[in-house]
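For reference, the structure discussed in these notes is given below.
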Amino acid sequence: MRYEGDIYSPHIAGDDYILQCTIGCSHNQCTFCNMYKDKEYRVRELNEILKDIDLAKEYYGDVEKVFLADGDALSMPAEDLIKILKYLYDTFPGLTYVGIYASAVSILSKTLAELIELQNNGLVEAHLGVESGDEEILRDIRKGVSYEEMVQAGRKVRQAGIHLFVTVILGLAGKTPKARDHAKSTARICSEIQPDYIGMLTIIAQPGTELYEKVQRKEFETPADMEILEEMRLMIQDLELEHSGITSIHPSNCIYLESRLPEGKDELLQMFTRIIDGKDVSLLRPRDTGRV
């Protein structure tokens, strides 16, 4: 397959065929992210993308799942995305799923009618990086949107009938008293959005990022595992969800959990009590700090 630079996809999409629709990230200013620093953002030519689908057909035969990359493929014009979706489903008879990375800005730039048309043509899931519900942290990490704009974007995706997977990042407040605010406000923003799934990640200071430089200057201290677990507990405790999945399977995390809320909430909180208050570290695992 033809790819420009490193290719990233959600951890859960590891077996999907990755189709590069945009190069890099339309925002590319988040202080913690180094994924697209070596790329200049642009939208690929539609004919190039369609040719890549033909190449994938020759190589794979048929595929069941496709993920549209790079960092904000939803920034493409809706009419081009619809053509891509139609061509994918025409090319792969067994295709059942197409996912996409989406920023809050790109979601808000689309009309609800455009998002509904994308869903009608087979866009199953959008992945949105919420990261935090704390306004100060959102500004500090230069996310580019406010709390309210993030809520509007998440709700708009769900209103269009597109499955919404949001990610949040534990540890963004560092080793400060604000960690509690971060956890609780992140629970609040997720409760307002009501995503279909929440993926929890743990902050990693990656070389080449502003966060890494802050760590080197001792202006930011990454929380220890038990402090991250306390953030998880506070967040899960405050989540008010109607029916959402929650996971920490990403390798940046020190613990694996997979559950649904609200039905699994009590069991999760009991587990955190056993680990944190009872100092039972048997469920912890080494974090892969080389992953993002």
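Taken together, the values in this text are just the output of simple stated rules run on the coordinates, not laboratory data. Keep in mind the model is a prediction, meaning the values are calculated, not measured. Because the Cβ atoms are built from the backbone with ideal geometry, glycine has one as well, and the counts that use them run over all protein chains shown.
Odds and ends about this structure:
- Under Karplus coefficients 6.51, -1.76 and 1.60, residue-wise ³J(HN,Hα) of segment 148-162 in Hz, glycine/proline x: 5, 5, 5, 4, 4, 5, x, 5, 5, 4, 5, 4, 6, x, 8
- Rounded FRET efficiency, nearest 0.05, which uses the C-beta distance separating Ile7 from Thr222 and R0 of 41 Å: 0.95
- Taking other C-beta atoms within 10 angstrom as a stand-in for reagent exposure, His27, His163 fall in the order His163, His27, fewest first.
- Share of pairwise Cα separations in segment 11-277, more than 33 Å, in percent: 22 percent
- Measuring r between the beta carbons of Asp80 and Glu242 and using R0 = 41 Å, the FRET efficiency lands at 0.75.
- GluC sites (Glu not before Pro) lying in DSSP loop within segment 1-73, provided at most 15 other Cβ fall within 10 Å: Glu4, Glu40, Glu45, Glu64
- Partners for Lys265 among aspartates and glutamates (Cα-Cα distance below 14 Å; same-chain residues under 8 apart left out): Asp238, Glu240, Glu242
- GluC sites (Glu not before Pro) within segment 199-273, DSSP loop, no more than 16 other Cβ atoms inside 10 Å: Glu219, Glu221, Glu240, Glu242, Glu263
- Whole-Å distance, taken between Cα centres, linking segment 220-284 and segment 35-100: 35 Å
- Using bins of 5 Å that start at zero, the share of Cα-Cα pairs per bin across segment 14-132 amounts to 2, 11, 23, 25, 20, 12, 6, 1, 0, in whole %.
- Shape of segment 230-292 from the C-alpha gyration tensor: oblate (a/c of 1.5 or more and a/b not above b/c, with a ≥ b ≥ c the square roots of its eigenvalues).
- Spatially proximal lysines relative to Lys110 (Cα-Cα < 18 Å; intrachain offsets below 8 disregarded): Lys83, Lys156
- Point-to-point label distance, Ser109-Leu50, nm (Cα→Cβ direction, 7 Å offset): 2.3 nm
- Taking trypsin sites (Lys or Arg not before Pro) in DSSP loop states with no more than 16 other Cβ atoms inside 10 Å as exposed sites, the chain has its longest site-free stretch at 38-141.
- Segment 130-270 - Debye-derived log10 I(q)/I(0), Cα point model, q = 0.17, 0.19, 0.21 Å⁻¹: -0.92, -1.14, -1.35
- Contour minus Cα-Cα distance for Asp90 and Thr176 (0.36 nm per residue): 25.7 nm
- P(r) weight above 15 Å for segment 176-243, C-alpha pairs, percent: 59 percent
- Ranked by how many other Cβ atoms sit within 10 Å of their own Cβ, fewest first, the residues Ile246, Ile53 fall in the order Ile53, Ile246.
- Residue order, fewest to most surrounding Cβ atoms within 10 angstrom, among Val215, Val63: Val215, Val63
- Calculated FRET efficiency for the pair Thr31/Gln159, C-beta based, R₀ 35 Å, to 0.05: 0.70
- Helical mean residue ellipticity (222 nm; -39500 (n - 2.57) per DSSP H run of 4+; nearest 500) of the chain: -11000 deg cm²/dmol
- Partners for Lys86 among aspartates and glutamates (Cα-Cα distance below 17 Å; same-chain residues under 8 apart left out): Glu45, Glu48, Asp52, Asp54, Asp62, Glu64, Glu114, Glu117, Glu125
- Surrounding net charge for Gly129, when Lys and Arg each add one and Asp and Glu each subtract one, Cβ distance under 12 Å: -1
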